[in-house]
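Participant: Following this message is one structure expressed as structure tokens.
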Amino acid sequence: MDLSLICWLLLVARGDGKPTERRTRVHQEEPLSALRHDDKQNFDYDHDAFLGQDEAKAFDRLSPDESKRRLSIIVDRIDSNKDDFVSEDELRLWIEAIQSRHMFEDVEHQWSEFDLNQDGLISWDEYRNVTYGSYLDGPLTETEYNYTHMMARDERRFKVANRDGNLNADRQEFMAFLHPENHEYMKQVVVQETMEDIDKNGDGFIDLKEYIGDMFTAENGLEEPEWVASERQQFSEFRDKNQDGKMDREETLDWILPADYDHAVAEAKHLLYESDSNKDGRLTKEEILNKFDLFVGSQVTNYGEALLRHDEF
């Protein structure tokens, strides 16, 4: 099952969660980690952001000495101007590169599944047949109606991702299809899909009832959690910028894809602040290695030596 289909099913499944759970539509582009950022509990979010999720798992199985050795090699790569210091900007560029690699790997992982004729492109027909082929045969059932709706949405997104209009996606276009939040020209598609999900009365706007209803499902006799009142206030004071009682497309864009927050910048500032022992605004290799558990983590074991699998280390 492809990523787009999985994401849609997850959105549908959210309606069956606990009624007091707080649900969110905010994308803030591709997340640095699916984990919660809470250094009081652990540094797992920082590990994912700094290394990428797969590599972070590998480091978690290494001994402290091996983690430090590998981290030392990484620091040399981050120091792009070779001045023996790591700046905030170099940290940011590294984190952005890690996240870009994650998206490229996602594309490569799915590429052979969809490029059936191996011509180096994925056509809409190829994508549709692989993803929805079994649902296109035979009579339409009530369950399969959902898939018909999903297919129409995917086709629309696929067409927007293909900027040349030929419905044959190269790797960059397929990446835009899979990860629209990270591509400026795809953001209006994300907005449209979001509004279609939330705008229950079909008036082209998201009112307060629809906004709250997407995040919270009330049950008879169940007390409303405190955060719901906070979200109502957020809607009135910040979401509904023109104070007309509803969100239009631009207001929805500001909500789900806020332009005033950059995860990579925030994480670079965080790592620098936590590691810069002499507070000179830059990091030495020694300062980073002294806080190696913040950057990469490890277990105090020896069996991680078996994971020396990358030539670059």
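The values are calculated or read from the model by the stated rules, or taken from the named source; none is laboratory data. Nothing here was measured: the structure is a model prediction, and the numbers come from that model. In this analysis, Cβ positions are derived from the backbone assuming ideal geometry, glycine residues included, and neighbour counts consider all displayed protein chains. Note: accessible area is taken over every heavy atom of the protein model, side chains too, but ligands, DNA and RNA are not part of it. Shrake-Rupley method; radii C 1.70, N 1.55, O 1.52, S 1.80 Å.
Participant: Looking at PRO258 and the list (1) at pLDDT below 95; (2) part of a helix (DSSP H, G or I), which single condition is not satisfied?
Facilitator: Unmet for PRO258, out of (1) at pLDDT below 95; (2) part of a helix (DSSP H, G or I): (2).
Participant: Within the range 221-235, count every residue that is farther than 13 Å from LYS209 by Cα and aromatic (Phe, Trp, Tyr).
Facilitator: 1
Participant: Next question. Checking the structure you have, find out if any residue of the range 160-183 is out of contact with any Lys or Arg (no Cβ under 8 Å at 6 or more places or on another chain), basic (Lys, Arg) and crowded, with 17+ Cβ neighbours inside 10 Å.
Facilitator: No, there is no match, as no residue in the range 160-183 is out of contact with any Lys or Arg (no Cβ under 8 Å at 6 or more places or on another chain), basic (Lys, Arg) and crowded, with 17+ Cβ neighbours inside 10 Å.
Participant: Could you go through the range 215-233 and let me know if any residue there is within 24 Å of the chain's Cα centre (by Cα), open to solvent by 60 Å² or more (accessible area, probe 1.4 Å) and in contact (Cβ under 8 Å) with a residue 12 or more places away in the chain.
Facilitator: Taking every residue of the range 215-233 in turn, none turns out to be within 24 Å of the chain's Cα centre (by Cα), open to solvent by 60 Å² or more (accessible area, probe 1.4 Å) and in contact (Cβ under 8 Å) with a residue 12 or more places away in the chain.
Participant: Tell me the residue from ARG23, ARG36, ARG70 that is at pLDDT below 80 and open to solvent by less than 50 Å² (accessible area, probe 1.4 Å), please.
Facilitator: None of the others qualify; the one that does is ARG23.
Participant: Looking only at residues in the range 193-232 that are farther than 22 Å from ALA259 by Cβ and of a type in the set (S, T, N, Q), which one is modelled with the lowest pLDDT?
Facilitator: Within the range 193-232, the match that is modelled with the lowest pLDDT is ASN220.
Participant: ARG101 versus (1) within 15 Å of the chain's Cα centre (by Cα); (2) among the charged types (D, E, K, R); (3) at pLDDT below 70: which is the lone unmet condition?
Facilitator: For ARG101, the exception is condition (3).
Participant: Which of the numbered conditions does GLU219 fail, given that it passes all the others? Conditions: (1) touching a Pro at 6+ places or on another chain (Cβ under 6 Å); (2) under 25 Å from ALA152 (Cα atoms).
Facilitator: (2)
Participant: While we're looking at this one, here's another question. Output the qualifying pairs, or none if there are none: Cβ atoms under 6 angstrom, residues six or more apart or on different chains, first residue in the range 271-294 and acidic (Asp, Glu), second residue assigned to a helix (DSSP H, G or I).
Facilitator: Here the result reads GLU274/LEU294; GLU287/SER275, each pair linking the range 271-294 to a residue that is assigned to a helix (DSSP H, G or I).
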